[in-house]
Amino acid sequence: MTEEALVEARDLGKRFGDFVALHPLDVTVHAGELFGVFGPNGAGKSTFIKLLTGQLAPSLGGARVLGTDVAKNPQKVKANVGIVPESESPPSYLTAAEYLDFVCRIRDLDDIEAKVDHWLDWFGIEDKRDALCKDLSKGQRQKVMLASALIHKPRLLFLDEPFVNLDPIYQRKCRGLLMEHIANGGTIFLCSHILEVAERMCTRVAVIDQGHVLAAGTLDELREDPGEDLEDIFIRLVGASVNLVEETQVEEEE
Amino acid sequence: MALAGVVEPPTFSVSFRAHFRMMFREEWRQNVDFARKRHIMMFPIMLALVTMVITIGLRFLTGEADIVPVQDSAEAAAAQADKALSWDDLKLGLHISLFMFSLGMGSFAFIGRNMVSQRAGGKSYLLAGPALLPLELPPVYLAYYCKEVAFYLCLILGPAVFGMGLGILVSSFFGISTPLLWGSLLVVLACMLLTMMQGLAMSFFASAIWSRSRIGAWLVPLSAVAAGVIVALDIVPFEWAILGLQVQLSHDFTLIPIAMLASLGLAALGAHLVPTDFEVRVTARDELFEPVHRRLGFLGNGPMRTLVAKEVVDVWRSGTMFKMLGSYCVPLLFLLALAWMADFARFPIPFNLLSYAPFLGFFGFNFYAWLNAVDSPDFLNGLPVRVPQLLRAKIIVYFLMTTWISVIFLVLMASMLDQWAGLVPALIVMTANSVYIVALTALLMGLRPNKAIFDTSTMAIFWAATVVPLVALFLLSFTQGDMSLYQSGFTQVASEGIDANATTTNRIGDAEASFSGIIAISVGLLVLGAAFLAMLERRWGRSAFEN
């Protein structure tokens, strides 16, 4: 890990009408880190990733990714990072191989055929290379999306629930791949609600709920009790968050 | 907690009732999802206002009232009366447009298949429910048909008839007489509802047949063309082809319940014919993306070429190309058949080659809407491309897929009408209109043209921006009725509008001036089209990929 900041969010917030999806927050991710954002369903994790990758415009504050102002030049950010969205599928009417070919051309890569073959083989979907993406299982589509995010060897990866549809074998294989990416100097920004992943892999984590960052730091920094595991920390923080929100609502009503 | 025992699946009526209610809500929320609620509520209000104005102006349309008398002899007045639209002409126009709209909206069998195949993606709809829930297809599809009828009744027919009522009220208040009577309103509503039910049912039935087999996919367009020819040859009169029109002309009200039941029956039959096929077949496909990409070398090596190749593969593999080309070609074939059979010299309006050219561009909206319905573009959010690039790619695909058809159509039409002199200007007019209308649609509606049709503000701008140049080109084209003699004149059109007569003047200079006007408007449309394309960046540059 170095001191070079690859992701810098300052007062970054998002509103949808009256609903605050993400309260203003500050986050810095350094090169070589595997930074995990954890929270329950609907906590604001995906919104956070979308703001950092230029898929959403912030309502407040801003962010720089790889030194680029995301709001000013989202295309440059997308060109230099790999993104695995939580729920999006590859295009229905392209085959798995064609989609990776498509991504290589959009990213202006060379040696396309070798890259496509490599990643289809790596994810064990070589036999599905000529099947339409809409006909693939959820796990296979997830593998195609992961391959499309890795195919250009980006320095920084944004992964939103990347393991959720994968079988245990490929979860382990992907964890190994991500650790190798970190070992090679890469950086990962990971959103998940699978705590086991955080415990095994992340160098630092942030826990968010209902758009608030409840705590951020290394696991050791977040522990109140040496015997606490991440699940204990998570439940303690999120449980407190529910109380915090209720108190805020009472204050607002008063 | 006691576990449930063995239960039976819901009955037809339970499924139908549950779906009808929820589908109505789903439709409403889908529309609200794109346009704000205020805009959707404005749509029926605007429609009511428009029909009110038309009702007040009915006497002028039927020639029973003149704004400025332009005829100075009894013969000329009689000739003008001949050329005015009759009451029956207006009814015909009303029902044809409603029938065509219903045909366009009724292909639920296709929609259902798409929904089933996409249910694991970001969006899932009630129509895809039978794939997962203990439901049979027929009650669900029949509920969808009834929901469509009810939704359009509330959103279009009801407000339109309400507007007619307002028109009668306002007319009586200001002492303007209108031929429409209070007692007619219920009849008009019933007849319009009947036309809509018939159109939706026929379209649904045809799409179900089409979905069943390859033979069905050939049978349906062939039957559509055959039906058009049968009606054009008057073997089955128009008023019997559209039953709502027949009731409105004959006032034979016993036909209403019979025809409504027949439409419902046809829809029920269609619902039973929709193939129960939820199987996802995983089959190997031949490489298509790379060969298409290779052939698009003229687009350079940037992302545009890649996006266009992807769009072409999409429309081909989804089977949409066949449907889109069918929807584009069938009306053109019908027009060609009409030109072949009808003697245009008898028509009160001097149609000619240049009259058709603007309408070819107008079909661009439909085609562009189809292109956006093929698949979800959400996956592009993670790639370094922007919405305007995809919009331009779709426009390029539109031109690649339709230009050759339009050119063939104009060449055939020029041959049939023996108006070769008008071919080059007609091609210019067609191209200009196509560029203009597709660029305008992309600018106003982006990736969501199918949802924009109920957004009043968007549609108001769209209609104003398309109807004005379209009508101008259409009216000016009448001056070119006889291409060899240039007998018509601009003043004739200016003073008499659609009553312009192709044989009353012999001022070649005026016809040439009109011709220059047509070309000038076309050049203007091309410039505007280019400007709209340039404005895509500002309008959609920061938008996310979603449709």
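Going by what's in this entry, would A:GLY32 be described as away from chain B (no Cβ under 14 Å), modelled with pLDDT of 90 or more and in a loop (DSSP other than H, G, I, E, B)?
Details: away from chain B (no Cβ under 14 Å): yes; modelled with pLDDT of 90 or more: yes; in a loop (DSSP other than H, G, I, E, B): yes.
So A:GLY32 fits the description; yes.
Only one residue in A:GLU113, A:GLU98 is within 14 Å of another protein chain (Cβ to nearest Cβ), surrounded by fewer than 22 Cβ atoms within 10 Å (Cβ to Cβ), in a helix (DSSP H, G or I) and at pLDDT 90 or above. Which one? Let's see the steps before the verdict.
On the way: A:GLU98 fails: surrounded by fewer than 22 Cβ atoms within 10 Å (Cβ to Cβ).
Testing whether each residue is within 14 Å of another protein chain (Cβ to nearest Cβ), surrounded by fewer than 22 Cβ atoms within 10 Å (Cβ to Cβ), in a helix (DSSP H, G or I) and at pLDDT 90 or above leaves just A:GLU113.
Could you please find all residues in the stretch A:42-60 being aliphatic (A, V, I, L, M), in contact with an Asp or Glu (Cβ under 8 Å, 6 or more places away or on another chain) and within 13 Å of chain B (Cβ to nearest Cβ)?
A:ILE49
Do we have B:VAL435 as within 14 Å of another protein chain (Cβ to nearest Cβ), surrounded by 21 or more Cβ atoms within 10 Å (Cβ to Cβ) and among the hydrophobic types (A, V, I, L, M, F, W, C) here?
Against the criterion (within 14 Å of another protein chain (Cβ to nearest Cβ), surrounded by 21 or more Cβ atoms within 10 Å (Cβ to Cβ) and among the hydrophobic types (A, V, I, L, M, F, W, C)), B:VAL435 does not qualify.
Of all residues being within 8 Å of chain A (Cβ to nearest Cβ) and out of contact with any Gly (no Cβ under 8 Å at 6 or more places or on another chain) in the stretch B:383-405, which is farthest from B:MET535 (Cα to Cα)? Just the residue, please.
Of the stretch B:383-405, the ones within 8 Å of chain A (Cβ to nearest Cβ) are B:383-386.
Those left that are additionally out of contact with any Gly (no Cβ under 8 Å at 6 or more places or on another chain): B:383-385.
Details: B:LEU383: 22, B:PRO384: 20, B:VAL385: 17 Å.
Result: B:LEU383.
So, in the stretch B:521-547, of the ones that are more than 14 Å from every other protein chain (Cβ to nearest Cβ) and more than 26 Å from the chain's Cα centre (by Cα), which residue ends up surrounded by the fewest Cβ atoms within 10 Å (Cβ to Cβ)?
B:ARG538
Assuming A:ALA57 fulfils every condition listed in (1) surrounded by fewer than 21 Cβ atoms within 10 Å (Cβ to Cβ); (2) of a type in the set (A, V, I, L, M); (3) touching a strand residue (DSSP E or B) at 6+ places or on another chain (Cβ under 7 Å) apart from one, which condition is it?
The one condition A:ALA57 does not meet is (3).
Within the stretch A:119-176, how many residues turn out to be assigned to a loop (DSSP other than H, G, I, E, B), within 18 Å of the chain's Cα centre (by Cα) and either within 13 Å of chain B (Cβ to nearest Cβ) or in contact (Cβ under 8 Å) with a residue 60 or more places away in the chain (or both)?
Number satisfying all stated conditions: 8.
Taking the residues in the stretch A:182-217 that are of a type in the set (S, T, N, Q) and not in a strand (DSSP E or B) as candidates, determine which candidate is surrounded by the most Cβ atoms within 10 Å (Cβ to Cβ).
Filtering first and then ranking leaves A:GLN210.
Condition test on A:ILE106, is it at the interface with chain B (Cβ under 9 Å from one of its Cβ atoms) and either within 16 Å of the chain's Cα centre (by Cα) or over 28 Å from B:ASP286 (Cβ atoms) (or both)?
Considered against the rule, which asks whether it is at the interface with chain B (Cβ under 9 Å from one of its Cβ atoms) and either within 16 Å of the chain's Cα centre (by Cα) or over 28 Å from B:ASP286 (Cβ atoms) (or both), A:ILE106 comes out as no.
Sort through B:GLY121, B:GLY112 and tell me the only one that's at pLDDT below 75, closer than 21 Å to B:PRO275 by Cα and among the small types (Gly, Ala, Ser).
Checking each option against the conditions leaves just B:GLY112.
What helices (runs of 4 or more DSSP H) lie completely within the stretch B:247-319 and have 2 or more residues being modelled with pLDDT of 90 or more and under 30 Å from B:PHE12 (Cβ atoms)?
Those helices (runs of 4 or more DSSP H) span B:255-273.
Out of the residues in the stretch A:61-95 that are within 10 Å of chain B (Cβ to nearest Cβ) and in a strand (DSSP E or B), which is farthest from B:VAL385 (Cα to Cα)?
Among residues in the stretch A:61-95 that are within 10 Å of chain B (Cβ to nearest Cβ) and in a strand (DSSP E or B), the one farthest from B:VAL385 (Cα to Cα) is A:THR95.
Here's the yes/no breakdown for (1) within 14 Å of chain A (Cβ to nearest Cβ); (2) closer than 30 Å to A:ASP101 by Cα; (3) in contact with a His (Cβ under 6 Å, 6 or more places away or on another chain):
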position: B:PRO257; (1), (2), (3): no, no, no
position: B:PRO275; (1), (2), (3): no, no, no
position: B:ARG294; (1), (2), (3): yes, yes, no
position: B:PHE298; (1), (2), (3): no, yes, no
position: B:ASN301; (1), (2), (3): yes, yes, no
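Condition check: of a type in the set (A, V, I, L, M, F, W, C) and closer than 20 Å to A:LEU178 by Cα. Does A:ILE83 satisfy that? Show your work before the answer.
Numbers: of a type in the set (A, V, I, L, M, F, W, C): yes; closer than 20 Å to A:LEU178 by Cα: yes.
It is true that A:ILE83 is of a type in the set (A, V, I, L, M, F, W, C) and closer than 20 Å to A:LEU178 by Cα.
Among the residues of the stretch B:213-238, what is the count of those that are surrounded by 15 or more Cβ atoms within 10 Å (Cβ to Cβ) and of a type outside the set (Gly, Ala, Ser)?
7
The values are calculated or read from the model by the stated rules, or taken from the named source; none is laboratory data. Predicted model only: the values in this text are computed from it and were never measured. Backbone-built Cβ (ideal geometry, glycine too); neighbour counts: all protein chains shown.
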